[in-house]
Amino acid sequence: MTAATHATPAPVPTGRAPLDTPAVGWPGVALRLLLALVVTLASYLLLLVVPSLPGMDPTPDARAGNWGLAVLKQGIPVLTVPLLSILFIAVLTRFVDRRPFRVTGLALDARTVLGLLLGTAISLVVVVPASVLFARLQLIPASSGFGGQPLWVVIAGSLLLGFGMQGFPEEYVWRGWLTQSLGGRPWRQAGVSAIAFGLIHIVSNGGHAVWWQGAIYITSAGAFGFAAAALYFATGSLWAAVGIHGGLHLGNTFAALLGGGEGWPLELFQIVAYLLIGLAIMRRLPSASV
């Protein structure tokens, strides 16, 4: 048996998250984590290229108040990120997992909208009240605003970036593909994907200048990833994980509109909140033994 393949043919799930696929060994885990990182980064290639093409820079249109055209020019390169992630994951399921593409959970069905709404609502409840409260208590700085952009542009940009650039592609790679490819029990899948997802945020560090604040940011990303995996397993819908991810970014926007802000105290709160949510969900899964 090699690290890149499963020991036995794995069953193909029929609409639910694949909780019973055979577990790969730790060399296979390391390979898949590396591939997930590579796919995540590679999915942004066209996003970096398209804005440099003639006429695709949205900045002049935004300065001129041509907001519709500016949003369109911003949206086109953003939407290349999920498209590339789908293409790369299709290659991995074919040549690494040797399983049908549908195991990644990319489906549009009756649960799609419900999953999106559920996940989004959870993050809005976690983020918005705490952000506004912490800002009023002066625990975090209040947002400086959005530079005079119309409200619809602010929301449209938040949806594009939160769901299109980050929510869908990252959840599709780290929950939709990685968890089923790792195999094993739900706790193993959720734990490995969450820890790795947190660690990749070392690259961004959340803009924190102090190392321990950066560590809180990285841990909050991992805690969030754990909650996303738990929700994915519980609902059997990738879109619930996309919703909780995109809802986090949308929540930050709504909170800023209401006088909230961002900072390490809010991230510390999110660590506790998302971990509790994830643990509460995982403990109720029928087959969630460690």
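The values are calculated or read from the model by the stated rules, or taken from the named source; none is laboratory data. None of these values were measured; they are calculated from a predicted model. Positions of Cβ are generated from backbone atoms using ideal geometry, with glycine treated the same way; all protein chains shown enter the neighbour counts. All accessible areas refer to the heavy atoms of the entire protein, side chains included, with ligands and DNA or RNA removed. Shrake-Rupley method; radii C 1.70, N 1.55, O 1.52, S 1.80 Å.
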Compute the angle between helix 264-282 and the longest alpha-carbon principal axis of the chain, please, reported from 0 to 90 degrees and rounded to the nearest 10. 30 degrees
What full-extension length gain, to one decimal in nm, is calculated for residue 72 and residue 91 as 0.36 nm per residue of separation minus the Cα-Cα distance? 3.9 nm
From the C-alpha coordinates alone, can you work out the Kirkwood hydrodynamic radius of the stretch 164-205, in Å? 10.7 Å
Carbon/sulfur fraction of accessible area - the chain, other protein chains in place, 1.4 Å, %: 72 percent
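How would the stretch 138-218 be classified by its alpha-carbon gyration tensor: rounded, prolate or oblate, with rounded meaning a/c under 1.5 and the a/b versus b/c comparison settling the rest?
oblate
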Which of 108, 124, 275 fluctuates most in a GNM of the chain (C-alpha springs under 10 Å)? That residue is 108
Arrange the peptides 234-241, 88-95, 144-151 so that the one whose residues have, on average, the most other Cβ atoms within 10 Å appears first. 234-241, 88-95, 144-151
Just check the stretch 187-278 against the gyration tensor rule for me: Cα atoms, a ≥ b ≥ c as the square roots of the eigenvalues, rounded for a/c under 1.5, and otherwise prolate or oblate depending on whether a/b exceeds b/c. oblate
Everything considered on the Cα gyration tensor (a ≥ b ≥ c; rounded for a/c under 1.5, else prolate if a/b is larger than b/c, else oblate), the stretch 44-124 must be described as oblate
Charge-dipole axis of the stretch 143-290 as Lys and Arg at +1 and Asp and Glu at -1 on Cβ define it, positive-most pick from 152, 210, 221: 221
How much space per residue, in cubic angstrom, does the convex hull of the C-alpha atoms of the chain take up? 133 Å³
Could you state the accessible area per residue of the stretch 27-68 in Å², with a 1.4 Å probe and every protein chain left in place? 58 Å²
254, 233, 163, ranked by accessible area, largest first (probe 1.4 Å): 254, 163, 233
